[in-house]
Every structure is written in structure tokens, then in C-alpha cells.
Amino acid sequence: MRFLRCTALALVGCVFLSWLHPRRTMRAAQVPADPGATSHSAPPAVPAVTWSRQIAPLVYQNCATCHHPGGGGPFSLLTYQEAFRHGPQMAQVTQSRYMPPWLPAPGYGDFLGARRLSDEQIALIRRWVASGMPEGDASIAPPPPHYDATWQLGKPDLILTIEHPYALAAGGTDVFRNFVLPYPLTATHYIRAMQILPSAPQVVHHANVLIDRTASFRRRHPADWEDGIPGMELELDAGNTFDPDSHFLFWKPDTPVLEEPAGMPWRLDPGNDLILNMHLKPSGKPETIGAQIGLYFTPEPASKHPMLLELEDDRGLDIPAGDRSFQVQDELELPVDVDLFGIYPHAHYLGKELEGWAILPDGRKQWLIRIPDWDIDRQSVYRYRTPVFLPRGTVVHMHYVYDNSEDNVHNPNTPPIRVRAGNRSVDEMAHLWLQVLPVNTAKGSPDPRLLLEEAWMEHRAKRNPGDLIALYNLASALAGLGRYAEAAADYRQVLAANPRDARTLNSLGAALENAGDSSAAEKEFTQAIALGPDNCDAQFNLAELELKRSQFAQAAEQFRDLLRNCPADAGAQSGLGVALLGEGDSASAEAEFEHALDLDPANFTALYHLGEMAIESGSPERAVEFLQKASAQRPDDVDTRERLAMAYAQSGRQADALTQLRAAVQLSPGDANLHALLSQVLSAAGQLQQAIEEQNQALHFEPNDADGWNNLGVLEARLGHTAAARADFERALQLAPDHAQARANLARLPRQ
Amino acid sequence: MAWRATVFLLGCLSMVARAAEPFGTDLNGRPIEQIAPAGAKAVVLFFATSDCPISNRYIPEIERLDREFAPQGVHFWWVYPDPGDTAAVVRRHDEDFQIHADQVLDTEQRLTRMAHATTTPEAAVFLSTAAGLHEVYRGRIDDRYLALGQERPAATRHDLELAIRAALDHRPAVKPGGPAVGCSIVPRNAP
């Protein structure tokens, strides 16, 4: 019931993003038979290419998702007149494969929604333009697809809106801007789909949504977050629990809705922020950039937990001016089997060739992606048509080539200058993100995401011993895996470089306490607290330590002090309740628990104790209410189920009580007390034979329990098994010669 | 001496006689008979299409040049050669893009032919002399776009600006450093 607050600080790069399930709003374009085409007899000349017969279906299939009124493309291509107007460009841009936008080379990864045109399709457009762009028989043209620019899945459950729209200038270089959208609800929700509706889709090149679990970005920009903050990448503080980023929430113009695969919704908790990172391209006219994010909920929490991993080599980026082939690389060995769902390569303007591949344990090379001619304007998340299985021991590689010469047209510096890693568009980046889902996890083995985190952070920390965040995250992963001594050693390394880091002091304290060294832990907590009044986590942990030592007055003092610094801390509020309870002041304790529930209706400690207090004060129905909620928070907590069973039993709900106790016994089969309780409830329900079996179970685990033998005797006697009952009572008296009840029961048995 | 040399060079470029027919119409349908107002030293035609993204992205740049060179006697015209760009379409476009400029609907593409323009965006610079208009430059505005899909973050060579300065200084005109990139002007036999 005690939960140490350990902190996991995960840094998130320019992340994103989620499953893109493009919803096809267009009707399938079919090539209708052209009756005119066959009516001519010889000579069988090359049939004319017409808009109606070949080009319209091709355009509707491959271009119209963006090129429709209100779409992300700059003009519509839905009608013959429109296509005629842009015909020569259509031939040019398809020939050069600039359109449709698609960077990955074919044969280096089988991606969903691949947009590459075939050579035949390109030739068709070329022939059509060369022959004067004839319309042909308009009556055989397929009907143009229909798009509407509103919510594709109906009205969202929650719509978040940018409060202060951004004024984008008519001209100038591209703008990268981050808008903070606080999650306004007071309950957790699971998101199965998200749609972004920018007010001016044509200037939004792409957008990423990040989840800021701790509102860290907003707190870092208190004065101006409402107006949006410039920057291509951002770092977020992942906060107190191991909760790695798991989804690519990446938006591009032709994928209006991001629908998550079954079982893989993402989560929003009260206090979270969404950060909308938009790449804006000035269009020639001043634009007001607003956006709405529509969220669709599902009541089901995730049953599968993917994780984002990053390969990167930002430190290796130090590109001399003029260098046309500067290379960086990274690699990571996977400690568990995973399915690779998606991949997101990322560089800025100097990136030229971006490659990712895997070397499987048997030595085979498996390409994951290859982008031979990188263009940041057309970047995307790529999802595999079927997830790529990568067994444990696979080494994933990233290899990027940069061109910092003046021949690179994208080069933002003329003349070229030395370029290093950074967040501005004149800086560079070398990132390869992977979305993986651990598979084949054996029952009872540790959370495979922690093993991935360990491998990833260990690799980062080895590669760059100065990377304290990696070292910290590594320590947190080790602590999460229960390897407290190793964790403590790594935390100490962080502290060697940064002795006054309260967060690390606190985490070290937690690791030490978990390792059983509570006096060393106390020292670390105390040191963290001494660093400033805002170290509420350390105060909390110290107070909990005092509770454990039954130093209730000290704990109460600590919690009160904490609440002065962090007034809305429901955990501290309920902790104070526990301390007061320990001091015997149950009236004050009850008030604190109720206050804790005002702050957080799901606070387990408050629910549990209020339930217990209700049982004691003879209000079992009220107890049931609290304990049901408590048990919903921690379904595996045996103690709570036991209390709940007791409350049910006292409310006359024997069947419910039995269900709870059976579930509890399943969770903890060797617990004699549970079997004994189950036996009592069964006996009250008249199921004496089963009651006897359970009582025997209890005595099997605790054979020296005189009360238990006495109770078994009573059950046997009620079934008329006088001899057995006699033996039981005698056994009880053997163990406790002055057991008055057993003696009386023995006397009451009929004599033979 | 300098003047002579310039005249000699300009001689290589086409000499445009006063058009017998109007150059096009303004947004109110009135014919435009004269594109070089009295006192103008040079005339710049900016060929534009209302829905060509690259053309539109150059609007701020053309406005900048207009502001800078109008006081020096350079007259700017925005020329719309696509028959789809009707007065209503262009008016709407002007509102969207906040354009305040002299505009020609070149429905018959006479200005397009006169300047030999093939693309939007593209610009032509004419010197205005007693003998008529001499085209001294025709081509891209700058080198931001090298081809469709090949875009610099910002231009490094401002061809049109260089050409205007050369014309005002009576220096030999510069040649564009690369092709105009954007949307082809589809010749007049459009549907």
C-alpha cells in the first residue's frame, strides 16, 4: 500500500505522433469501359490517353486526397478544367517523383499508404500532356471523390482549441511553432482516435502532437506559452512514473484522422498538456493559424503497450562547411522480441541519405527504411503494412549522410558554415524513432519496456558519459526492474556530476529504501528537502518512511509542511490522514481522507481507509462504496478485496463477498487467513462442506492456529461429524490449553 | 559613351511597337491601352496565376520590389494570363492576399506573347524609351526555386532586382541564373 515516488525523467525529442489510419472518403474510382475505344477498326494505333478514361481515375486515386478544395494541396485537381490548367506541371512533378510526396525507396520496407506511382502511371500522364490533354468522353469519367473538411468520425468527445491563433507572415522562411493545449478534464481518458483541423491546412506542412505529462513545457514558458513557442524540437519532463512515449501522433494533410490499432489507445490524465508542433510554410498571404484537436475516447485502457525508441547521433553532428558527405550512425541491440510498427527518420535541411536497417541474430540484414533524397518538407512517419518482427538480439542501425555544400539547395546557410546539432532550422538533427511492441513476453518476467529502456539508456550513457539524463533514466529503469543496488550506483554517478540535484537525491533515497536501507534513504531525502521548499516528492517519501517506522507525529508534521508547499497533493493529504490515524485521532483523519478525495476522487489510500472506518463504525453499505472504488484502482490488492468482502458480508451480500474472497485467494493462494475468512462466509451461506474444505486449507498453511481448529470443530459438529469435531477441539486445547471456547464446545458435543 | 554601349546591347533584344489592340483589361473590364505611364523609366510585368502556389509565395517579394522601385520610376503590372483568372477570381485573390497593384487580365495573352513569358511566376522588365518598350530581362524572380520540389530556404540571388537596377543604371541587363519555376502558362487555345 505504500508507493514510493520515484522519478523517471525521459527526454522526448521532436516526437509525435500516432497511428495513421487514413480514412478513405473517396469512392473507389473505376475505369469504366470506353465503348468508343473498340468501335474503331484497324489500324490498332496506340489508344489515346484521355482525362475521362485514364487520367481522372489516376488523379482521384493518387492526388485528390490533397488536391481538393480545402485540402492540403495548393489547388484542386478534381475537374478536367483544373487538371488542364496544371497539366504540364503534373507531367513534370510526377516524372521527377516530387508528387505524390513519398520519400522511401521501394524495396526497403513495405509501408502502409505507399504513394509511389508506377512507371506506367507516370508515362500515362506524360502521354496525356504530350497529346494536348484531351478530355475524351466526359460521360465515362468516374464521379469525383467527395471530401468534407469536418470531423471524419462524427463529433469528437473532446475538442481542444488553440487559444491565441498565430499570425503567419505572408513571406519569409518556414516557421516551426509549438502550441500548448492543456487537457481540461478531471478524469483520465483513453484516446482511440485523434483528428487535427488546422484553420489553414494549406500552410501546415505537417504537425506533431506530444503529450507533456507534467506540463513542463508550459511551466518553462510561463509568460508566453499561450502565444506559442518557436522551435523544431522540444524536451519534455516525463515526470514521476515510467510511462514511455508510445505513439506517433504525426499529422500530414491527407491523413485527417489518426486511429489507433485495437488495444492500443493512448492516455490523457488530468494535468497533462498536448503540444501541437506545426511546420508552417508561408503561402504569400498573411494567415491566421488556429487549430482544433478532436479526441475520440474509448472506455477500454490499453491492453498492448508499445514504446518509442530512438537512435540518434546528435553529438556526432559537427559538419564542416562544404562537406558533401558527412556521416553519422548509431545502433542499438534489442534485449527482447518486438514487433516494429512504425519508423520516423528525422533530419533538417542538410540531410541527404537516411537509412535504417536491422541485423538479425542469424546475421541477415533486414532493411527498415532507405530515403535516398531526404527533404524535410516531405517528412513523415512510416508504418509497416505488417509489423516487422525483430527477435531479441537484433541490432538496429541508423546511418545518415549530410551535404553541407552549396550544391545542396536546401542548405539554409549561404555560404555554408560549420553546423552542429540544435533546435533551430539552421542546426541539424540525426534521429531515427521506432515504435515497437514487445512480444513473446513470458509470464512473470519483468516489464519488457523497462528492459528496452535499460538497453537504450545504457547504450546512450556509454556512448556519451556526460549524458546525465541517460544515466538517470538508466538508474530509474534499473530501479523499476527491482535492481536497487545497481540503480543506486548510477544515481550516485549522476550526483557526482551534479551533487545538488534534488530529483536524483530523492530517487536515490527511494532506491535505498527499496533495497532495505532506510537510514541511508532518510539521509538522501533529508538532503533533497534541504535544497528547497519545492521538493515535495522527497518530503512525501520521508514522511512515508516515518509512517513505516510508526513515527506518526513526525510524519504528520512532514505531511503538513509538504502541503504548505504543494497544497493540491492528494497523496500527502491522505498520508496525513494515515499519520493522524496512527496518533489515534480518527475524526481528524477522516476529514483529511475526505479532503484527499476532493482533490483526487481515485486516491487509493483515502478510499481504503474511509472504507475501513465505515466498516468499524457499522456502515457496511458506505464501506462497500469506498472499497469498490479502491479495489478498482488496485485490482491486485488482496487486502482491499478482503475488506470489501467483509463489507459485503456485513451488508448481507454473501454472494459478492464470496466472489471477492475467491478472487483474493487466487491472488494469494497461500494466505491462511483468506481461506479461513472464505470458510466463515461459506458457512454463513450454509455451504458447510466447502467451508470445511477451506478451513482445512487454512490449517494446512497455519497448523498451530488454535482458533482455526476450534472453528473447524464447530463446522464438523454442525454436519454431525462428532468424532472429527472432538478431535479438532482437542487439537485446539493441545495448542492452547486455556482455550475457553474450545473447552466449552467440547463439553457441548453429544456423548457417545 | 556608356549610353551608346547600352543602346547597342539593347538592340539585341526585341523592340516592341505600340500595340494596335489593347494589352488586356483591368478588373472592371476596361481595356488597357498603355502600360508605360508618362515619365516611367521602366515597366515590370509580373506574370501570376491565382492558384499557383509558387506564384503566390512571390507576392511579398514583388510587393517589396514595387515599394522600393516605384519612386524611381518603375511601374509594376501584375499580369494574369490564365483565362480562368477572371475579374471575379482575381478580385477575390486580391482580397485574400491583400494585393494593391495595377493588374491586367491578359485574357488574349498579348502581354504574355510580347514578353515571351511561359511560366507563372515570371517577370519581364522593359525599358521605356521614346522609341517604345525594350525588353531587357525576362525570367525568374530569384533562385529560391531551382526546380519543382527543389527549394532553398531563402533566395541567394535576386535576379529580377539585379535586372531592374541594371536597367535603371543603363547597365547591360543580367541574364537569369536559371529557369523560371512554377506553373506553365497554358497557351490561349484552352478549353
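The values are calculated or read from the model by the stated rules, or taken from the named source; none is laboratory data. Because the structure is predicted, anything quoted here is derived from the model rather than measured. Here the Cβ is made from the backbone with ideal geometry for all residues, glycine too, and neighbour counts use every protein chain on show.
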Anything in segment A:47-100 that is out of contact with any Pro (no Cβ under 8 Å at 6 or more places or on another chain) and within 9 Å of chain B (Cβ to nearest Cβ)? List them, or say none. A:Glu82, A:Arg85, A:His86, A:Gly87, A:Pro88, A:Gln89, A:Gln92, A:Val93, A:Ser96, A:Arg97, A:Tyr98, A:Met99
Report yes if some residue within segment A:432-449 is away from every other protein chain (no Cβ under 14 Å), more than 21 Å from A:Asp339 (Cα to Cα) and modelled with pLDDT of 95 or more; otherwise report no. no
Which of (1) of a type in the set (S, T, N, Q); (2) surrounded by fewer than 21 Cβ atoms within 10 Å (Cβ to Cβ); (3) in a loop (DSSP other than H, G, I, E, B) is the odd one out, the single condition A:Gln327 does not satisfy? (3)
Give just the number: which of (1) more than 24 Å from the chain's Cα centre (by Cα); (2) at negative phi does A:Thr186 not satisfy? (1)
Of all the residues that make up segment A:149-173, how many are within 14 Å of chain B (Cβ to nearest Cβ) and in a loop (DSSP other than H, G, I, E, B)? 5
Go through the residues of segment A:695-702 one by one and say whether even a single one is of a type in the set (Phe, Trp, Tyr) and more than 27 Å from A:Ser586 (Cβ to Cβ). yes
Among the residues of segment A:254-300, count how many are over 15 Å from the mean Cα position of the chain (by Cα), more than 23 Å from A:Arg424 (Cα to Cα) and of a type in the set (Asp, Glu). 1
With the checklist (1) over 30 Å from A:Arg731 (Cα atoms); (2) touching a Ser or Thr at 6+ places or on another chain (Cβ under 8 Å) in hand, flag the one item A:Ser586 doesn't pass. (2)
Being more than 17 Å from B:Gly182 (Cα to Cα), hydrophobic (A, V, I, L, M, F, W, C) and either within 14 Å of chain A (Cβ to nearest Cβ) or not in a loop (DSSP other than H, G, I, E, B) (or both) is the filter here, so list the residues in segment B:116-158 that pass it. B:Val125, B:Phe126, B:Leu127, B:Leu133, B:Val136
Any hit, segment A:133-148, residues being loosely packed, with under 13 Cβ neighbours inside 10 Å, at pLDDT below 90 and not in a strand (DSSP E or B): yes
Quick one: A:Ser18 ticks every box in (1) modelled with pLDDT of 95 or more; (2) crowded, with 23+ Cβ neighbours inside 10 Å except a single one, so which number is it? (1)
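Hey, which of the strands (runs of 3 or more DSSP E) in segment A:264-306, taking only ones fully inside, have at least 1 residues that are within 14 Å of another protein chain (Cβ to nearest Cβ)?
Those strands (runs of 3 or more DSSP E) span A:273-280, A:287-289.
Name the residue, out of A:Ala442, A:Ala430, A:Ala479, A:Ala421, that is buried (at least 19 other Cβ atoms within 10 Å of the Cβ) and over 23 Å from A:Glu233 (Cα atoms).
A:Ala479
I need the full set of residues from segment B:33-64 which are more than 14 Å from chain A (Cβ to nearest Cβ) and polar (S, T, N, Q), in order please.
Of everything in segment B:33-64, just one residue is more than 14 Å from chain A (Cβ to nearest Cβ) and polar (S, T, N, Q), namely B:Gln34.
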Name every residue in segment A:457-495 that is under 29 Å from A:His431 (Cα atoms) and small (Gly, Ala, Ser), in order of residue number. A:Ala461, A:Gly466, A:Ala470, A:Ala475, A:Ser476, A:Ala477, A:Ala479, A:Gly480, A:Ala487
Go through segment B:98-115 and give me each residue that's crowded, with 18+ Cβ neighbours inside 10 Å, within 12 Å of the chain's Cα centre (by Cα) and part of a strand (DSSP E or B). B:Gln103, B:Val104
Are any residues in segment B:159-188 within 14 Å of the chain's Cα centre (by Cα), closer than 21 Å to B:Asp66 by Cβ, among the hydrophobic types (A, V, I, L, M, F, W, C) and part of a loop (DSSP other than H, G, I, E, B), and if so, which ones? B:Ala180
Please identify the pairs in which a residue from segment A:469-484 that is on the phi > 0 side of the Ramachandran plot has its Cβ atom under 9 Å from the Cβ atom of a residue that is outside any helix (DSSP H, G or I), counting only partners at least 6 apart or on another chain. A:Gly482/A:Pro446
Condition first: under 14 Å from A:Leu311 (Cβ atoms), in contact (Cβ under 8 Å) with a residue 60 or more places away in the chain and of a type outside the set (Gly, Ala, Ser). Can you find one or more residues in segment A:377-394 that meet it? yes
Limited to segment A:397-423, what total is found for residues that are β-branched (Val, Ile, Thr) and either at the interface with another protein chain (Cβ under 10 Å from one of its Cβ atoms) or assigned to a loop (DSSP other than H, G, I, E, B) (or both)? 3
With A:Ala461, A:Ala489 as the choices, which residue is more than 24 Å from A:Tyr344 (Cα to Cα) and either in contact (Cβ under 8 Å) with a residue 24 or more places away in the chain or not in a strand (DSSP E or B) (or both)? A:Ala489
Being within 9 Å of chain A (Cβ to nearest Cβ) and not hydroxyl-bearing (Ser, Thr, Tyr) is the filter here, so list the residues in segment B:159-184 that pass it. B:Gly182, B:Cys183
Of the residues that sit in segment A:375-389 and are buried (at least 19 other Cβ atoms within 10 Å of the Cβ) and under 21 Å from the mean Cα position of the chain (by Cα), which one is farthest from A:Leu334 (Cα to Cα)? A:Ser380
Filter segment A:616-635 down to residues that are surrounded by fewer than 17 Cβ atoms within 10 Å (Cβ to Cβ) and not small (Gly, Ala, Ser), then give me how many there are. 6
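Give the residues of segment B:135-157 that are small (Gly, Ala, Ser) and farther than 16 Å from A:Thr414 by Cα, sorted by residue number.
B:Gly139, B:Ala147, B:Gly149
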Residue check for A:Gly708: more than 42 Å from the chain's Cα centre (by Cα) and either of a type in the set (A, V, I, L, M, F, W, C) or on the phi > 0 side of the Ramachandran plot (or both): no
Filtering segment B:80-89 for residues that are buried (at least 22 other Cβ atoms within 10 Å of the Cβ), touching a residue at least 40 places away in the same chain (Cβ under 8 Å) and not acidic (Asp, Glu) leaves a count of 1
Which members of segment A:650-681 meet the condition of being small (Gly, Ala, Ser) and over 26 Å from A:Pro703 (Cα atoms)? A:Ser651, A:Gly652, A:Ala655
Report yes if A:Thr214 is out of contact with any strand residue (DSSP E or B) (no Cβ under 6 Å at 6 or more places or on another chain), among the polar types (S, T, N, Q), assigned to a loop (DSSP other than H, G, I, E, B) and away from every other protein chain (no Cβ under 14 Å), otherwise no. yes
Could you list, in sequence order, all residues of segment B:41-73 that are among the β-branched types (Val, Ile, Thr) and over 14 Å from the mean Cα position of the chain (by Cα)? B:Ile54
